[in-house]
1. Suppose we filter ILE208, ILE169 for residues that are under 22 Å from ASN79 (Cα atoms) and open to solvent by less than 50 Å² (accessible area, probe 1.4 Å); which single one remains?
2. Return the residues of the range 109-119 that are open to solvent by less than 30 Å² (accessible area, probe 1.4 Å), in a loop (DSSP other than H, G, I, E, B) and out of contact with any His (no Cβ under 8 Å at 6 or more places or on another chain); say none if nothing qualifies.
3. Take TYR206 and tell me if it is in contact with a Gly (Cβ under 9 Å, 6 or more places away or on another chain) and aromatic (Phe, Trp, Tyr).
4. Which one is surrounded by the most Cβ atoms within 10 Å (Cβ to Cβ), of the residues in the range 275-306 that are under 19 Å from MET25 (Cα atoms) and at pLDDT 75 or above?
5. Quick one: in the range 98-108, of everything that is in contact with a Gly (Cβ under 8 Å, 6 or more places away or on another chain) and farther than 14 Å from LEU156 by Cβ, which residue is least open to solvent (accessible area, probe 1.4 Å)?
6. Using the structure shown, decide if SER181 is modelled with pLDDT under 90, over 25 Å from TYR83 (Cα atoms), small (Gly, Ala, Ser) and surrounded by 16 or more Cβ atoms within 10 Å (Cβ to Cβ).
7. Yes or no: the range 224-233 includes at least one residue that is under 29 Å from the mean Cα position of the chain (by Cα) and either open to solvent by less than 70 Å² (accessible area, probe 1.4 Å) or touching a residue at least 24 places away in the same chain (Cβ under 8 Å) (or both).
8. Do we find that VAL176 is in contact with a Ser or Thr (Cβ under 6 Å, 6 or more places away or on another chain), modelled with pLDDT under 90 and part of a loop (DSSP other than H, G, I, E, B) in this structure?
Amino acid sequence: MIYKIIKNDLLKKKMIMGAVFIFIMLSALLVAGGSKMLIDLNNSIVALFEKSSTAHFIQSHSGNLKQEEILNWSQENKNVKNYHIAEMINIDGSKIFFNDGLSQSDTVMDLNFVKQNQDFDYLLNLDNQKIEVNDGEIAVPIYYLQRLDLKLGDSLKVEAAAGQYNFKITAFVRDVQMNPSIISSKRFVVSANDFEKLRSLGEKEYQIAFQLNNLNQLAQFRDQYSRSELPKKGPTIDYQLLKMANAVTDGLVAAVIILISLLLNLIALLCLRFIILLTLEEDYREIGVMKAIGIKSKMIKKIYFYKYLLLALTASLLGYILSLAFSRIFAKNIALYSGRPPQSLSQI
């Protein structure tokens, strides 16, 4: 009997119920999609940081430095597990051309040419494997893959008064330090021989990077470095800041998606409230008849409760199922910049 009453009531108000159903379904779709996006983002970043063996503290430096001083200080500091000094060649964008035509003269990015790091802070390809390039090959940041629609096999040319250097793009770089588009520096990976050839074309910069024995001592180590006499002509960045920088873009998108879903939920609840009030006004005779034939008030409340519960559950379930189908679209940018981590059944 309850089922019959609910069915007839839903059929009587098809338009109104349909609108509420769509609001709840879209809200569930966006909540599930946004939540999964945040989970995927966190898992992807964790996997990316692990694969790249991320540095915990990085000091950039422009100018000369004495490597022996850094070596001695690092060996004496009990917090330091490993360290390296990575050299970068910063080349002006006006000298760089993609596919023999796309000049980077108007770029706001600092374009740095580097060799692959050997100890940690690895530069990865789209399979999250260490990039290895041969002479004449180059690995280009994902930022340019997305912005210029580049493909493997495309070319990059560096022009200078001393000559012209041509490279074939053989990989795209996932770079924990400089992945996010909000970071205004990018690293291009070349072979050791090509790196030596490019030395005279730009300004030298250094990255002094450290891995610590205990990440919990990061604040203490930062203070130790700031009080030391080691090079400091440049910005510093640490592990926590790297995680935040990698999460901020897609994290904001996920937060906006969830915010929109909450607004849709609010609209759906307001609609439900007006529908319930309208239904009670229209059905007061039917309610009177039900009471007259002996149906208790408790049962009448159950009829209305089950009707809207059925509507909400069905819409939410459909929204969740649709979110699974759209999950790849939601996480497309995450998959490109950080990769897809292995997922358990509980994360689907």
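The values are calculated or read from the model by the stated rules, or taken from the named source; none is laboratory data. Small disclaimer: the values here were computed from a predicted structure and weren't measured. Positions of Cβ are generated from backbone atoms using ideal geometry, with glycine treated the same way; all protein chains shown enter the neighbour counts. Please note that ligands, DNA and RNA were not included when accessible areas were found on the heavy atoms of the full protein model with its side chains. Shrake-Rupley method; radii C 1.70, N 1.55, O 1.52, S 1.80 Å.
1. Working: ILE169 fails: under 22 Å from ASN79 (Cα atoms).
One residue alone meets the criteria, ILE208.
2. MET109, GLN116
3. yes
4. Going through the qualifying residues, I end up with TYR306.
5. Residue satisfying both the conditions and the ranking: SER105.
6. Numbers: modelled with pLDDT under 90: yes; over 25 Å from TYR83 (Cα atoms): yes; small (Gly, Ala, Ser): yes; surrounded by 16 or more Cβ atoms within 10 Å (Cβ to Cβ): yes.
Answer is yes for this residue.
7. no
8. yes
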